[in-house]
Every structure is written in C-alpha cells, then in structure tokens.
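K.L.:
This is the structure I want to talk about, given as structure tokens.
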Number of protein chains: 2
Amino acid sequence: MKVSMHALSVDVFANTLASLSWILEKTATHAASRKIEPAVFLSARLAPDMLPLTRQVQIACDIAKNSIARLAGQEPPRFEDTETTIEELRARIARTVDYLKGVPASALEGSETRDIKVPTRERTLEFKGLEFLQRWAIPNVFFHVTTAYNILRHNGVELGKKDYIGTP
Amino acid sequence: MKVSMHALSVDVFANTLASLSWILEKTATHAASRKIEPAVFLSARLAPDMLPLTRQVQIACDIAKNSIARLAGQEPPRFEDTETTIEELRARIARTVDYLKGVPASALEGSETRDIKVPTRERTLEFKGLEFLQRWAIPNVFFHVTTAYNILRHNGVELGKKDYIGTP
C-alpha cells in the first residue's frame, strides 16, 4: 500500500494554510488589544531585501494553488495581489483552500510522473511531478508560512509552535 | 500508481537538510570574510523567547531522524547536543542524513497506517503514520530549517531562496 499525491499535497497545504489563517487572526486580536495599526505587521520584514508579511502570505497561497494546478494539469485561478488588511489576507487564504479542496484525488492520479515546467527568472526548471512536490512545492509553501510566522514572532505577536502546527 | 512514504519523508528531509548544510557553509565563509566570530550567528535568534540558530539546526536534525525512526518502528540513534561550531553542526547534519539514507524504502512500507505516539509536555499526541507525516513531521522539519535561514538572513548573511531550495 502506498499513499496518494493528493494526501501529500492538497491535504498538507490546506492544513498549513489553515494554521496561517489562525496566526493572522491572532495577530489581528493582538494588534487591536495593543492598539497597534495592523498595517505595521503587514509591512514588516526580517531583512531589508526580504519580502514583507503581505507578500509572504500571498506567495504561500500562490505556490500552493499553482502547484496543485500544475500537478492536476489545470489552469490555476488567478488572484490579484490587492490585499491591504489582515481580513483580506485571510479571505485570500480561504479562497485558496477552497480551490485546493475542490481538486479531487482523482485529478492528481498519476501526477507523480507528469512533466512539470516552472519558469523562473533565469531558466525553466523541469521536474517529474513527484520531484516537483518533494523539492519545490512542499519546501516553498512551508518557507513562506514559516517566514510569515517568524516575522510576527519577531514583532512581538504572542504565538507559539502550537499555532503553527495546528491541533493534530 | 501511488507514491511511497519513503519518497515523501526520507528524500524530502535529506534534501532540505543538505540545503541547511550548504546555508551553514555559506555562513562560515561570510563570517570569515567579514571577520565576524561565527558564535555570533550560532547564538542569534529572532525573538528573545525563540531558540537560537544552534538549537534550530539540532532540532531540525532530531525531528527528521526521530520521525523516520518512528515511521520505521526503529529506535533512533541519539545525538548529544554538544555542537559549538558551524563545522560541528554540519557534521551533525551529515550524520542525520546518513541515518535517513540508511533506512530502506522497505522499512517504511505500510508505515502510513502505523500508530505513532509523540509525547509532548502537555499530552501524548496520537497519529496514524500518514497523518503524522502530513501534520507533524513535514511542517516541523521545514519550520526549523526555514527559521535557521531566517535567523541568518536577518543577521546579514548573503543567502537567497535558491540556497534554501537547492538546485533541482
């Protein structure tokens, strides 16, 4: 018996995006109780040449959505990058999770051997579906979710590892 | 056709730990060229109540190693937390990757339905193997690798996303 590509992509991404939404909800509460303008958190970054929180959330969503679409051989829905509030970012996460959950396991059957091309600034990366999930999609989604968490922790939001992991 | 637990655990963890080792190698070079004591980076953290770089690396190794051992029903090797240099941390990563790669795919056959118990401070979490991989092992390993990267970026080490992703 083996496991499905769906279980290690849709389920994994939907779960960590749900944690990201919860982390943002806690951030909104923290901002309100401390009377801090939420935009302060949205534009915070860990280094001058790293992306701010808003972009980390948008990219986490996009990589999850686009990766599943690529594996399923679908055209992904396109989301404009217009969010300016925590609530709007949480709505984007919700739309992303809705999309992920709408892709049935059957659409990812056999995706482990599908040819996947990822255009980057320098060149087009080419993978088989399994390697794409292992080496590109999973590391990238968790990178941006963790970086969002780290930006908020660095800025004093009271979060713990449990908020990131969720409640198994 | 489906994919193996081994492909989504051993391969994924060995790959991201190799990137972590490369990131530390770049850090050692950066420290030498800028005449910064490497210990400055090893004790750096993103918040007073977050763990420093050394612990992030040790924990990334331990979660990868212990998770694979749990899935394989093995007793994991125990590593003492004695590292005080970048070279020693890289050696620990190398030992961890050696252990991971020594676990054959056959040892993880059927691990998706294995009962896994994870004792935490408050209670013992219980999972089936697949859920353990999805919701505990993968999110945790990437959390600590990304946090190590973020600590170093925040402290001015010249790293980019490519160093984190590796070269597919």
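The values are calculated or read from the model by the stated rules, or taken from the named source; none is laboratory data. All of these numbers come straight from a predicted model, not from anything done at the bench. Virtual Cβ from ideal backbone geometry, glycine too; neighbours counted across all protein chains shown. For the accessible areas, the whole protein counts, side chains as well, though only heavy atoms, and no ligand, DNA or RNA atoms are used. Shrake-Rupley method; radii C 1.70, N 1.55, O 1.52, S 1.80 Å.
K.L.:
Filtering segment B:114-155 down to residues that are modelled with pLDDT of 95 or more and part of a loop (DSSP other than H, G, I, E, B), which residue is least open to solvent (accessible area, probe 1.4 Å)?
P.N.:
B:155
K.L.:
Please go through (1) closer than 26 Å to residue B:151 by Cα; (2) at the interface with chain B (Cβ under 9 Å from one of its Cβ atoms); (3) not β-branched (Val, Ile, Thr) for residue A:163 and return the number of the only condition it doesn't satisfy.
P.N.:
(2)
K.L.:
Just for segment B:89-113: of the residues that are within 14 Å of chain A (Cβ to nearest Cβ), closer than 17 Å to residue B:130 by Cβ and aliphatic (A, V, I, L, M), which one is surrounded by the most Cβ atoms within 10 Å (Cβ to Cβ)? Please lay out each step first, then the result.
P.N.:
Quick first cut of segment B:89-113, residues within 14 Å of chain A (Cβ to nearest Cβ) only: B:100, B:105-106, B:108-113.
Next, only the ones that are closer than 17 Å to residue B:130 by Cβ stay: B:105, B:108-113.
If we keep only those that are aliphatic (A, V, I, L, M) too, we end up with B:105, B:108.
Numbers: B:105: 12, B:108: 23.
Result: B:108.
The rows are residues; the columns are (1) in contact with a His (Cβ under 7 Å, 6 or more places away or on another chain); (2) open to solvent by 60 Å² or more (accessible area, probe 1.4 Å); (3) within 22 Å of residue B:135 (Cα to Cα).
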| site | (1), (2), (3) |
| --- | --- |
| B:23 | no, no, no |
| B:39 | no, no, no |
| B:47 | yes, no, no |
| B:55 | no, yes, yes |
| B:66 | no, no, yes |
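K.L.:
Of all residues in segment B:1-58 being without any contact (Cβ under 8 Å) to a residue 60 or more places away in the chain and of a type in the set (D, E, K, R), which is nearest to the other protein chains (Cβ to nearest Cβ)?
P.N.:
Across segment B:1-58, the extreme among qualifying residues is B:2.
K.L.:
Every residue in segment B:141-159 that is more than 21 Å from residue B:14 (Cβ to Cβ) and either at the interface with another protein chain (Cβ under 9 Å from one of its Cβ atoms) or of a type in the set (S, T, N, Q) (or both), please.
P.N.:
B:150, B:151, B:153, B:154, B:155, B:156
K.L.:
Looking at the structure I just gave you, is residue B:62 among the acidic types (Asp, Glu) and more than 17 Å from the chain's Cα centre (by Cα)?
P.N.:
no
K.L.:
While we're here: Select, from B:67, B:106, B:111, the only residue that is within 20 Å of residue B:14 (Cβ to Cβ), among the small types (Gly, Ala, Ser) and within 14 Å of the chain's Cα centre (by Cα).
P.N.:
From the options B:67, B:106, B:111, the qualifying one is B:67.
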